[in-house]
Amino acid sequence: VPKLAISSERFEALSLHFSGRAWALEKIDQWLSDKGPSHYLLTGGPGSGKSALSARLVQLSQGQVAAPEYPNLGSGIMIYAHFCEVNVPDLLSPLRFIENLSAALADRYTEFSEALVEITQRESRVTVHSSPVQQIENVVETGVTIIGTTVRISIGGLSMRLAFDLAVREPLQRAYEKGLDERILILVDGLDEAITYDEQLNLVALLKDAVRLPEQVRFLYTSRPDDQVLD
């Protein structure tokens, strides 16, 4: 199942407000079926249902909802879903995003976990904490829950771009070199809200560098049509 970064109350509310939008599911399913661009941006105005659609995609990946007409949106397709939310720093911070994404990848793929451990042996500012518990919930002070991870990543004293390289890009590259052969889907909902964190050091700026990831890695974004996101 995908790992989630969202308040449990908000996810439950979003899950109850999805209806229709078959055209959007069809477009996303088609995008995943071919070798097109690695990034897909879905834009819409306030209240257009972007976050509700994101919640439905999570439910499809969890196997809670069946949609056989969309074969690329089935159970297990998504690795990590991140829901940005204004005034919730842990959902806007680029470093928290990197830590959570890295933990989700390490939890799912042995090849990634092994590569990440190798990197931490030379870089002490990236730390991997493992839990013997099969499913745990790391609840931070804001009430945000990272659901279902058995690994926690801590990063200190690094720029967001270097942190992304060490904790995500490099171990992903090594994982595919070691034999990982699977498409990875990462969802980021509400990119326009991420801009409120910092004018320059924000999640939108960080994800510009994500084009250097292996071609099997796909990012799906939702956002209001904000110029900074579209640029």
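One table, with the values for the structure above:
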item: The range 17-98, accessible area per residue, ligands and nucleic acids excluded (1.4 Å, Å²); result: 44
item: Fraction of antiparallel bridges per DSSP, the chain only, in percent to nearest 5; result: 40
item: Of 172, 207, 185, the one that fluctuates the most in a GNM where the chain has Cα springs shorter than 10 Å; result: 207
item: Residue among 194, 205, 104 with the largest mean-square fluctuation in a Gaussian network model of the chain, springs linking Cα atoms under 10 Å; result: 205
item: Proximal lysines to residue 3, defined as alpha-carbon separation beneath 20 angstrom and excluding residues fewer than eight positions away on the same chain; result: 50
item: For volume of the Cα convex hull per residue in Å³, calculated from these coordinates, the label among (i) 123; (ii) 160; (iii) 170; result: (i)
item: The range 1-74 - charge dipole about Cα centre, Lys and Arg +1 at Cβ, Asp and Glu -1, debye rounded to 20; result: 160
item: The range 66-92-the range 6-49 distance, computed between alpha-carbon centres (Å); result: 8
item: Anisotropy class of the range 1-114 from Cα gyration tensor, a/c 1.5 cut; result: oblate
item: Among 75-81, 85-91, the order from most to least packed when residues are scored by Cβ within 10 Å on average; result: 75-81, 85-91
item: Accessible heavy-atom area order of 12, 114, 99, highest first, probe of 1.4 Å; result: 12, 114, 99
item: Helix 50-62 axis, angle to the chain major axis (alpha carbon atoms, nearest 10°); result: 60
item: Label-to-label distance, nm, for residues given as residue 224 and residue 162 (7 Å Cα→Cβ offset); result: 3.5
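The values are calculated or read from the model by the stated rules, or taken from the named source; none is laboratory data. Predicted model, so just to flag it, every value in this text is computed and none were measured. Note that we place each Cβ from the backbone using ideal geometry, even for glycine, and neighbour counts take in every protein chain shown. Accessible surface areas use protein heavy atoms only, side chains included; no ligands, DNA or RNA. Shrake-Rupley method; radii C 1.70, N 1.55, O 1.52, S 1.80 Å.
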